[in-house]
Each structure stands twice: as C-alpha cells, then as structure tokens.
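*Asks:* So that we are looking at the same thing, I have put the structure below in structure tokens.
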Amino acid sequence: GTPQKYDPTFKGPIYDRGCTDIICCVLLVVAILGYVVVGVVGKNLSFFTLTSSSARARWCCWNSSAPPRRYGPAPPAFPKFPVESGPAAPPCPPPVQICVSKCPDRYMTYLTASGSAAALEYYRNFCTPEFKNSRKAPLEVLKDRECPAMLIPSTPLARRCFPAIQAKKGVIMVGNETTYDDGRGRRRNVTELLEGAKKANVVLETRQLAMKIFEDYTVSWYWIIIGLVIAMVASLIFIVLLRFLAGIMVWVMIVMVILVLGYGIFHCYMEYAKLKGEAGSDVSLTDLGFQTDLRVYLHLRQTWLAFLIILCVLELVIVLLLIFLRKRILIAIALIKEASRAVGHVMSSLLFPLCTFFLLCLCIAYWASTAVFLSTSNEAVYKVFNESACPFSGQTCQPETFNTSNVTKLCPDAQCLFAFYGGETAYHKYLVVLQFFNVFMFFWLANFVIALGQVTLAGAFASYYWAFKKPDDMPAFPLFSAFGRALRYHTGSLAFGSLVLAVVQVIRVTLEYLDHRLKAAENKFAKFLLSCLKCCFWCLEKFIKFLNRNAYIMIAIYGTNFCTSARNAFFLLMRNIIRVAVLDKVTDFLFFLGKLLIVGSVGILAFFFFTQRIKLVQDTAPPLNYYWVPILTVIVGSYLIAHGFFSVYGMCVDTLFLCFLEDLERNDGSAEKPYFMSQNLRKLLKKTNKGQPEA
C-alpha cells in the first residue's frame, strides 16, 4: 500500500510485493506440460508423421481413369512411386487409386486392350503394382480391381488426372472425340464427364487468381511497407498531439453535436409549420396505422412534432450533462493529456504489442497444428464387403493377410475394402476429449498472453504515476521491470484470470456448436433457450474482460492476488461510476477519430498512388493485375497498426485513471500522505501537497 510517512526515496506502491495465486501457477504449468504431451502424441500418431519418411515420398494417389470426385486426397509431391501397404501406407485403398508417371492420352477399355500385347503393355502403366498375371481373365482382373475398366484422355491438374475436356466450335470434346466406350459395349456422350470435372475449373481459376495476387505482392511489397510505415508515424504523431489537442477535439465534438441537434430542431419545426393547412397532414399516426412506404409518414405534422420533441429532449439532456459534468470532462481530458506524457516517457511500450502478437501467433500455430495432428491420427479401418450372405460381413479385416484368411474360403466374393477412419484403441476413443482439451488450452494460453501484455503495460505506466518526481523517480527500464515483476510474482494471478475467461469462452463455443446442430430442429423452445444462453454468456464474457483488465491494473500497482485485485478494482470503479462513464466515452471518441483519420488518410493515399492518379509519381507506381490487393493490404495493416498504438494508449489511460482514483482515496496531500498526481491534475481539483515541493 501507500506509505504512512513521506520518504523522498520512495518509488511508489508498485515494488512491495510477493508471489500470488501459486496454486493457479502450478496448475498452468501442469496444463502446459499436458498440452505438450498431447501435441507430441498427436504428431507421432498423425498420418502426416507416419508418411513423412520414405513412405511420404512414395505416396501418390492419382486416379487414372475416372472423375476425381470419386476418390481420395491428392498426393503431396512426386508423380511416380509404387503404392505401399503396412502402417505407413496411405489411407486410400490401393485397388482404387494408383500412382502414374503420366496421365492417359487415349480412349481404351481393358476388354479391348487384353486382345493386343502392345495395348496391354500400355494399359499396364495404369494398373496396380500387384497386377502381374496378364493371362488372367478380364472379368477376374476387373473384379479384383487390379486395373481400371477404361481409360480416358486426361490432363494433370493438382496432382490428379482430369478428363481433357475442350470445346471446339461450341462442341464439348474429350481427346477430339464426342463419345466414348464405357467398357460395356455402349457409347456414351463426353458431356457425362463434365459433372466429374467441373470443379477442376474452379481449382484452376483459383490458382490463377492466387498467382496474380502473388505477382502483385512481388512488385508492390516495398510500397506496401512504405504505406505501413506512414501509418505508424501518423499514429505516433496523433498520440503525441493528444497532449496538446485533446481538449480542443473534445470540446469541438461537443459543440458540433449541440449544433447538429439544434439544426435538427430548426428543420423539424420548419417542416411542421410548412405542413399546416395541407390536406391529410393532420391525420394521426394511430389512425394511419403501419405503412410499408415510410415516406407517407413524412407528410404528417404529427411525425415532425414527434421528431421535434425527441430532439429537444436530447438537446436539453446534453446541455444539462455538460453543465453538471463539466468538471469531470475536464478531468478526463487532463488524464488523456497525462497519458500522452506517460507514453512519451515509456516509448518502448509502443513496440510491446509486437511481443504479444508474436506470442499469440505461437499459440495459434500450436493449436492449429495440434488440431490437424489429432484429426489425422485416425487409422484406416478396413471392413469385409460382399454381395452374397457371409457371416464375416462388416467385420474388420487386414488387406495384407485377407487373401490368405479363412474369409475368402468361406465367402469367395468377399473383399476387404476401406471403410472409414478411426480406431479401437483408448487413444482413438478419447480423441474428442483431446480436441476439446486442445481448444480449452488455446483459449487459456491466448488469454494468458493478453493478460501478460496488459499487466506489463499497466506496471510500466503505474511506475510513471507513482513516481513523485516525474520522470526522475522512474526506473531506468520501466517496461522490462514490469514484465519481470509480472512473470516472477504474478504468473498465478494471470493464469487465474485467464482461466475464468477461458471457461466462459469454451462454453460460448459449445453453445455455438449446439446452435449450429439445432438449426434444422423444429423445437422452438430449445432455440429460444439456446439464444438466451448465448446472449447471457456473451454479456458475461464482456463483463469478465472488463473486470480482468482492471484487476490486472490493480495487480500491477499493489501486487495483490487476483480475487482481491478484482474486488478492489470493481468497487473502486463503482464508487466513481460517473467519472468512469465520462472517461470511457471521451477516450472512445478520440480513438475512433484517430483510427478513422489514420486509416482513411493512408487508404486514400494508397488508392491514388496505386491507381496512378498522382501525376508526380505516376511512373513510379508498379503495374498491377488487381490494384485493390495492395490497397486493401495497406488499409488492413494501417488499422492493425493504429489499433496496436491506441491499445497501448488506452491501457495507459485506464491505468492512470485507477491510479488517480486510488491517489484521491488514499492520500490527502499532507506531508505523510502526499498526492502523486501531476501538478495539472492537482490544480484542476484544487489539491495541494502541503510542505512538499511541486512535481
């Protein structure tokens, strides 16, 4: 707490502290270790890991003869390798998909190819590696799925063979033919292949679009960086100018609102007076009823009278608030100016969001990779399929030993085919639980990273406020000192706050999932109840974020545990609720104005530059396929940069505000309890430090 007797060497209340919420710290460490174990186990059992060695290089699942929609995923890399079996084999069944050196270039069926040695030799390129007995009856070969029933002229696309469809004079053709033999003695029209390959055009067009966008980035990346640098400089200049222009901007905004409402009152009165005596203008709103054409209401005097009364009430309320809250508005402006000075003394804080962003990217990357590993760690399950009655039908089988098992003896027509992805081990049974744990840990760690950033910034700015002689009494590196204190003493408190928020967020995700599953349901009560729960937990999440933010500030100031800090911050704010509301609205307006000014100006500059409308640099602008690519990139990047700068500034304002409230309640300006606020705030509140030099 604050000292009982003033000491010139006192550095403020932020240094006297100990470890808090140790149990939550231990729980977080254990959870992170478990999360690492889950990720490692998922990676080791993932299909991508199992195929990452030589088997991955040999995995190729090109379909050689049929539309690709009927078959599994495309291969990752190499075009010609044999299909393997065993634990490292791909999940696609080898009898259906094979690897080829090149796509077929002619129409051919196996029945016709089996009558010619040369044709059969060509056809063998599209059969499975197990096909060796060329004397086998064609029906047996097709039944065992060792070779495709037919070949179609195809072209490679995305590591697959697609029918080579082309249009000549409005006629759809494949391989210069309009019909093909389906292998059963019938001629079919090639238009029947369009359904199977229509998505190929989408893939091709998407690929071409991506290539053009990539080309635009390659020729404009340095101009994009220049635009983002301009946005960064503009954000910094705006924050510095708030020290001098905050009061002017706030009062101009208030005057503009009053003038706009005044003009609205004048306009409504003129319209009301103009309609006097006109036919039908005296009809009441109740007699007219509801009308789909809203313009009808504008011809009624009662409508403009209602508008006039509403605007007069708003004008009166704003004027009264301005009269009674004038001093609180001045305090809010003074705190904003003081925040600008604090940021100027802790300039490194403006770059700290990059650290938070980097840690969040790590959390997202680990969560995404773990989710993929867990999703692909299912094993390929093969089942017995047969056309006639068989006691083994539906049972699990192994393709490697199926031909030598008793099943083929008792059921000659049975086949061991791929059924689904899954598994029967304990690991596979609890995959859903592991995915849920993955989502929960992502929210917990992401919230912890954000909390660490907030408490670090709060500690740095609190060291500015609680320095009696600013900035002489500040530590040499306030940001790094605050970061070290947060990790050394308050990891448990940050874990506690982020855990509470993560639980609420996981519940919200679960409710969204249930809402998605119940969209087709007809139970209106269930939908209503679910909507109410979603609304309640949304409000709860907003409240917890607000409470956590202020609790972290109190932790940074006094070093108390999370519950104590949250309680003290909440009641402190409730005792000053009007000041909180005024400061919140004033800062929201300034941040909105700053973001609009920075993003709008940089976006307009980027538009005129990349569309070559600035004559001075018209020849400098790079040629582009889509000029909106760099423009949107600059706009989004400028918003993120401005948001990062203003998030630091907002944390500074909130921290100084809580410090200011604590200073007012705990100190009285005496020699034993001097005020730590700046001289401008003391003058505004008519407070003085008796017997102490002015800061």
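The values are calculated or read from the model by the stated rules, or taken from the named source; none is laboratory data. Only a predicted model underlies this, so the values are computations on that prediction, with no experimental measurement involved. Because the Cβ atoms are built from the backbone with ideal geometry, glycine has one as well, and the counts that use them run over all protein chains shown. Just the protein is used for accessible areas: all its heavy atoms, side chains included, with ligands, DNA and RNA removed. Shrake-Rupley method; radii C 1.70, N 1.55, O 1.52, S 1.80 Å.
*Asks:* Is the range 82-98 home to any residue that is open to solvent by less than 20 Å² (accessible area, probe 1.4 Å) and at pLDDT 50 or above?
*Replies:* Taking every residue of the range 82-98 in turn, at least one turns out to be open to solvent by less than 20 Å² (accessible area, probe 1.4 Å) and at pLDDT 50 or above.
*Asks:* Whether any residue in the range 314-337 is of a type in the set (G, A, S), closer than 28 Å to A462 by Cβ and open to solvent by less than 80 Å² (accessible area, probe 1.4 Å) is what I want to check.
*Replies:* Yes, the range 314-337 contains at least one residue that is of a type in the set (G, A, S), closer than 28 Å to A462 by Cβ and open to solvent by less than 80 Å² (accessible area, probe 1.4 Å).
*Asks:* Next question, about the same structure. Residue by residue through the range 633-646, note down the ones that are surrounded by fewer than 23 Cβ atoms within 10 Å (Cβ to Cβ) and under 18 Å from E338 (Cβ atoms).
*Replies:* Of everything in the range 633-646, just one residue is surrounded by fewer than 23 Cβ atoms within 10 Å (Cβ to Cβ) and under 18 Å from E338 (Cβ atoms), namely F646.
*Asks:* Among the residues of the range 368-389, count how many are modelled with pLDDT under 80 and over 40 Å from the mean Cα position of the chain (by Cα).
*Replies:* Count: 5.
*Asks:* Can you spot a residue in the range 541-551 that is open to solvent by less than 20 Å² (accessible area, probe 1.4 Å), of a type in the set (D, E, K, R) and within 30 Å of the chain's Cα centre (by Cα)?
*Replies:* Yes - at least one qualifying residue is present in the range 541-551.
*Asks:* From the list A482, A467, A462, A476, which residue is of a type in the set (A, V, I, L, M) and more than 12 Å from V346 (Cα to Cα)? Talk me through it step by step, then tell me what you get.
*Replies:* Values: A482 fails: more than 12 Å from V346 (Cα to Cα); A462 fails: more than 12 Å from V346 (Cα to Cα); A476 fails: more than 12 Å from V346 (Cα to Cα).
When all the criteria are applied, what remains is A467.
*Asks:* May I pose another question? Quick one: count up the residues across the range 360-390 that are closer than 29 Å to A231 by Cβ and surrounded by fewer than 17 Cβ atoms within 10 Å (Cβ to Cβ).
*Replies:* Residues that pass the stated criteria total 6.
*Asks:* Just give me the residues in the range 562-611 being free of Cβ contacts under 8 Å to residues at least 24 places away in the same chain, in a helix (DSSP H, G or I) and polar (S, T, N, Q), in sequence order.
*Replies:* Those that are free of Cβ contacts under 8 Å to residues at least 24 places away in the same chain, in a helix (DSSP H, G or I) and polar (S, T, N, Q): T564, N568.
*Asks:* Going by the conditions given, is I614 without any contact (Cβ under 8 Å) to a residue 40 or more places away in the chain and open to solvent by less than 60 Å² (accessible area, probe 1.4 Å)?
*Replies:* So I614 passes the test.
*Asks:* Okay, next question. So, A621, is that one in a helix (DSSP H, G or I) and surrounded by 14 or more Cβ atoms within 10 Å (Cβ to Cβ) or not?
*Replies:* For A621, the condition - in a helix (DSSP H, G or I) and surrounded by 14 or more Cβ atoms within 10 Å (Cβ to Cβ) - is not met.
*Asks:* Still on this structure, please answer the following. Say whether the condition of being of a type in the set (V, I, T) and farther than 20 Å from T218 by Cα is met by at least one residue in the range 618-640. Spell out how you get there, then give the answer.
*Replies:* As a first pass, look at the range 618-640 and keep what is of a type in the set (V, I, T): 620, 629, 631, 633-636.
Filter once more, so that each one left must be farther than 20 Å from T218 by Cα: none.
No, that holds for no residue.
*Asks:* When you scan the range 507-548, how many residues do you find that are in contact (Cβ under 8 Å) with a residue 60 or more places away in the chain and either polar (S, T, N, Q) or on the phi > 0 side of the Ramachandran plot (or both)? I'd like the intermediate steps shown before the answer.
*Replies:* Residues of the range 507-548 that are in contact (Cβ under 8 Å) with a residue 60 or more places away in the chain, as a first pass: 509, 548.
Filter again for either polar (S, T, N, Q) or on the phi > 0 side of the Ramachandran plot (or both), leaving 548.
Number of matching residues: 1.
*Asks:* Does at least one position in the range 660-667 carry a residue that is on the phi < 0 side of the Ramachandran plot, assigned to a loop (DSSP other than H, G, I, E, B) and not charged (D, E, K, R)? Before the answer, list the steps.
*Replies:* If we filter the range 660-667 for residues that are on the phi < 0 side of the Ramachandran plot, which is where we start, we get 660-667.
Going one step further and asking which of them are assigned to a loop (DSSP other than H, G, I, E, B), we end up with 667.
From the residues that got through so far, the ones that are not charged (D, E, K, R) too are 667.
Yes.
*Asks:* Which one of these is modelled with pLDDT of 60 or more and surrounded by fewer than 16 Cβ atoms within 10 Å (Cβ to Cβ): V36, V41?
*Replies:* Criteria check complete, one pass: V36.
*Asks:* Tell me whether the range 514-527 contains one or more residues that are touching a Gly at 6+ places or on another chain (Cβ under 7 Å) and either open to solvent by 20 Å² or more (accessible area, probe 1.4 Å) or under 27 Å from L242 (Cβ atoms) (or both).
*Replies:* Within the range 514-527, none of the residues are touching a Gly at 6+ places or on another chain (Cβ under 7 Å) and either open to solvent by 20 Å² or more (accessible area, probe 1.4 Å) or under 27 Å from L242 (Cβ atoms) (or both).
*Asks:* Could you check the range 269-308 and list, in sequence order, the residues that are modelled with pLDDT of 80 or more and of a type in the set (F, W, Y)?
*Replies:* Y269, Y272, W304, F307
*Asks:* Okay, moving on. Is the range 451-473 home to any residue that is farther than 25 Å from F660 by Cβ and surrounded by fewer than 24 Cβ atoms within 10 Å (Cβ to Cβ)?
*Replies:* no
*Asks:* Hey, M677 hits all of (1) farther than 15 Å from E338 by Cα; (2) in a loop (DSSP other than H, G, I, E, B) but one; which does it fall short on?
*Replies:* Status for M677: all satisfied but (1).
*Asks:* State the number of residues belonging to the range 579-620 that are in contact with a helix residue (DSSP H, G or I) (Cβ under 6 Å, 6 or more places away or on another chain) and not aromatic (F, W, Y).
*Replies:* 14
*Asks:* Within the range 155-166, track down each residue that is modelled with pLDDT of 70 or more and open to solvent by 30 Å² or more (accessible area, probe 1.4 Å).
*Replies:* The answer is T155, P156, I165, Q166.
*Asks:* Taking into account only those residues within the range 593-641 that are of a type in the set (S, T, N, Q) and more than 27 Å from L354 (Cβ to Cβ), which is modelled with the highest pLDDT?
*Replies:* Among them, the one singled out is N625.
*Asks:* Does V648 satisfy being out of contact with any Phe, Trp or Tyr (no Cβ under 8 Å at 6 or more places or on another chain), within 30 Å of A451 (Cβ to Cβ), assigned by the TED database to the domain that holds G344 and not in a loop (DSSP other than H, G, I, E, B)?
*Replies:* On the way: out of contact with any Phe, Trp or Tyr (no Cβ under 8 Å at 6 or more places or on another chain): no; within 30 Å of A451 (Cβ to Cβ): yes; assigned by the TED database to the domain that holds G344: yes; not in a loop (DSSP other than H, G, I, E, B): yes.
So V648 does not fit the description; no.
*Asks:* Against the condition at pLDDT below 75, in contact with a strand residue (DSSP E or B) (Cβ under 9 Å, 6 or more places away or on another chain) and open to solvent by 60 Å² or more (accessible area, probe 1.4 Å), how does T396 come out, does it pass?
*Replies:* Details: at pLDDT below 75: no; in contact with a strand residue (DSSP E or B) (Cβ under 9 Å, 6 or more places away or on another chain): yes; open to solvent by 60 Å² or more (accessible area, probe 1.4 Å): yes.
For T396, the condition - at pLDDT below 75, in contact with a strand residue (DSSP E or B) (Cβ under 9 Å, 6 or more places away or on another chain) and open to solvent by 60 Å² or more (accessible area, probe 1.4 Å) - is not met.
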